[in-house]
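S.K.: Just passing along the structure, written as structure tokens.
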Amino acid sequence: MKNDKTVTRMQNRYIKDTQTKKKIKNRRRVALARRLAGLAVILAIVFGGLFFTYTKQALLLQEKKAEKVKTEQKLADSKKEEKALKGQINKLHDDDYIAKLARSEYYLSKEGEIIFNTPTENEKKKTSAN
């Protein structure tokens with residue numbers, strides 16, 4: 001005994017409306033999923049760009065800070081050099097200092113003064129090396 005049951009679908013207005021509503025609901029769900037996926041991609045691109053820009057700016061800021069430190073060090077060195085040069089200028093207004101400088105640098109002497117040349121460190125090293 002075979003039990004073959006054949007089921008036929010009813011084709012009334014309610015069934016058709018129900019099927020149409022299911023199709024519409026599925027289409028809306030697929031469309032929503034696509035919109036959300038598109039939005040996720042756009043947000044990923046935007047946040048990726050923001051992260052890249054932030055990282056680039058942070059590195060640039062770090063380089064600028066290092067450059068600032070170097071520049072401040074140069075400024076401090078320049079101020080020290082300026083102070084030393086101003087001191088030397090002030091000394092050059094003193095006649096005694098100029099006379100002493102001329103005697104030591106250019107081997108000039110006062111009247112009646114005798115200058116003796118002594119070997120410098122470099123000359124001592126050269127003679128001891130030979």
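The values are calculated or read from the model by the stated rules, or taken from the named source; none is laboratory data. If you're wondering where the values come from, they're calculated on a predicted model, not measured in any experiment. Quick note on the areas: whole protein, heavy atoms, side chains included, nothing else; ligands and nucleic acids left out. Shrake-Rupley method; radii C 1.70, N 1.55, O 1.52, S 1.80 Å.
S.K.: How much length, in nm to one decimal, is gained on full extension between T8 and R29, taken as 0.36 nm per residue of separation minus their Cα-Cα distance?
M.R.: Numbers: separation 21, 0.36 × 21 = 7.56 nm, distance 2.94 nm.
Stretched out fully, the T8 to R29 stretch lengthens by 4.6 nm.
S.K.: For segment 92-105, just list the computed ³J(HN,Hα) in residue order, Karplus coefficients 6.51, -1.76 and 1.60, θ = phi - 60°, integers in Hz, with x standing in for Gly and Pro.
M.R.: For segment 92-105, the Karplus curve yields 5, 7, 8, 5, 5, 5, 5, 5, 4, 5, 5, 5, 7, 8 Hz.
S.K.: Carbon and sulfur together cover what percent of the accessible area of segment 1-124 at a 1.4 Å probe radius?
M.R.: In segment 1-124, the share of accessible area belonging to carbon and sulfur is 59 percent.
S.K.: What Kirkwood hydrodynamic radius do you get for the chain when you take the inverse of the mean 1/r over all pairs of distinct Cα atoms, in Å? Display every interim value, and only then the final one.
M.R.: Values: mean 1/r = 0.0378 Å⁻¹.
For the chain, inverting the mean 1/r across all distinct Cα pairs yields 26.5 Å.
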